[in-house]
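Have a look at the structure below before the remarks.
The values are calculated or read from the model by the stated rules, or taken from the named source; none is laboratory data. Because the structure is predicted, anything quoted here is derived from the model rather than measured. Positions of Cβ are backbone-derived with ideal geometry, glycine not excepted, and every protein chain shown enters the neighbour counts.
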Amino acid sequence: MDIFKEIRQILVELLDVDEKEITTDTYLVRDLCAESIDFLELAVSLNNRFAIEINDDDLFLRNLRLYIQNIPDSQDRLAGLTGRFPFLSTKRIAEILADLDQGPVLKVKDLIAYIEWQTKSKKAA
Amino acid sequence: MNMRFTGTKCLIVGGTCDMALTLAPKMILSGLFPIMTFRSESGQKKLESRLGDFEGKYAAEYLDLDRVHSIGQSFETIENKLDYLVDFAQDDLEGLIAATDAQRVQSFFEASLNNRTIMIKTAARAMLTQKKGRMVYVSSTAAARQSPGQGFYAAAKNGAESLYNAVGIELASKGITTICVRPGYVDAGRAKSFIEKHEQRIMDQIPIKRMLSCEEIADVILFLLTDSASGINATSITMDGGMSAVK
């Protein structure tokens, strides 16, 4: 199963965008203008499509900035966020930290990472 | 009138109350499939006894708002597919605000608001997958006019109405609408003994000079589930014979 293609198809239908506009590096909010109601539908669709538990807050990195605020020493942020978002690689978290000032950071590849991680967790259980 | 329904599967929460048991046969005869929730063995038996003639045309499901895990379990059993939700469930906590035990208050609101929110959320997500759904919440005129000692009950009703209204506002564009019904005095349920004791005083307050019947409430709810009624969204309908309009 190609998770990216599945997610792309869901986004195409949900947001009425051309599939050519969607790559793994596409931002959900900055590029595709997704809104809160879209995220709700996206979570429901992913839950149905992949039959996995979805925690909306984790999947959409909702409290990311709050967690960052609560780690005052910037040296500790990478490790702190890796623990909080175990589905994201250290490299990706470093990217996110460098990208925060530009706006909402969630990308399609973060959704893929979440689905892969949850699928593995489900199999392990 | 043509009563048209685009869906069939209806979860009736609080399915063992008199109003729910009056509604269920009407739904079945209209081609709907009610899933009646119960929260005790006696409730389950009551369902079997009252709906025995309709075997195979309804389902019974354990769901107790006091036990949050039962919500997820019920929705798993019905495969998270739902066209309609009718919510009758309501515990009662009668007492003066300044005199009621804090622990009792906490558990009352835990079930009435916190756990109800989880149930509404789960139902909304189940309906979102098919991009249609209708929720009817059975509130009470106490949401607008309360007697002394009804503060907790009224707060729970108002809180639940706000939650249902919010869903109707937020998800109407996705095909999900909501409506709250506020019955006044109904000749059934826990109010029955109170009504019998104070009949004359109550009649003096009701312009139509009678209580409403479960049949009348059930008929209105059934209409509110039809396609024709979906424009009535995120609001409340009072059914009290004019009682709350009188000075």
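Quick look at the numbers
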| quantity | calculated |
| --- | --- |
| Residue in the stretch B:204-213 that is surrounded by fewer than 18 Cβ atoms within 10 Å (Cβ to Cβ) and either closer than 26 Å to B:Met3 by Cα or at pLDDT 95 or above (or both) present | yes |
| Counted residues, the stretch B:123-140 - those being at pLDDT below 95 and of a type in the set (Val, Ile, Thr) | 1 |
| Residue in the stretch B:183-199 that is in a loop (DSSP other than H, G, I, E, B), within 14 Å of chain A (Cβ to nearest Cβ) and in contact with a Gly (Cβ under 8 Å, 6 or more places away or on another chain) present | no |
| Residues of the stretch B:30-52 that turn out to be in contact (Cβ under 8 Å) with a residue 60 or more places away in the chain and crowded, with 19+ Cβ neighbours inside 10 Å, as a count | 1 |
| Which listed residue, of A:Val29, A:Val44, is free of Cβ contacts under 8 Å to residues at least 12 places away in the same chain and either out of contact with any helix residue (DSSP H, G or I) (no Cβ under 8 Å at 6 or more places or on another chain) or not aromatic (Phe, Trp, Tyr) (or both) | A:Val44 |
| In the stretch B:1-29, residue farthest from B:Thr129 (Cα to Cα) [restricted to those that are crowded, with 17+ Cβ neighbours inside 10 Å and among the polar types (S, T, N, Q)] | B:Thr22 |
| Members of the stretch B:25-44 that are farther than 16 Å from B:Ile78 by Cβ and assigned to a helix (DSSP H, G or I) | B:Pro25, B:Lys26, B:Ile28, B:Leu29, B:Glu41, B:Ser42, B:Gly43, B:Gln44 |
| Extreme residue, surrounded by the fewest Cβ atoms within 10 Å (Cβ to Cβ), among residues of the stretch A:93-120 that are charged (D, E, K, R) and over 11 Å from the mean Cα position of the chain (by Cα) | A:Asp101 |
| Failed item in (1) away from chain B (no Cβ under 14 Å); (2) on the phi > 0 side of the Ramachandran plot, with A:Glu19 passing the rest | (2) |
| Of the criteria (1) under 17 Å from the mean Cα position of the chain (by Cα); (2) away from every other protein chain (no Cβ under 14 Å), which one A:Gln75 fails | (1) |
| Residues of the stretch B:139-161 that turn out to be part of a helix (DSSP H, G or I), within 16 Å of B:Thr117 (Cα to Cα) and either within 14 Å of the chain's Cα centre (by Cα) or within 14 Å of chain A (Cβ to nearest Cβ) (or both), as a count | 6 |
| Some residue of the stretch A:35-56 being more than 14 Å from chain B (Cβ to nearest Cβ) and either closer than 30 Å to B:Ile169 by Cβ or of a type in the set (Asp, Glu) (or both) | no |
| Selection count where residues are buried (at least 23 other Cβ atoms within 10 Å of the Cβ), closer than 26 Å to B:Met243 by Cα and among the basic types (Lys, Arg), scope the stretch B:124-161 | 1 |
| Selected residue (criterion: surrounded by the most Cβ atoms within 10 Å (Cβ to Cβ)) from residues of the stretch B:53-66 that are more than 18 Å from the chain's Cα centre (by Cα) and of a type outside the set (A, V, I, L, M, F, W, C) | B:Lys57 |
| The stretch B:162-180, subset surrounded by 21 or more Cβ atoms within 10 Å (Cβ to Cβ) and among the β-branched types (Val, Ile, Thr), residue farthest from the other protein chains (Cβ to nearest Cβ) | B:Ile179 |
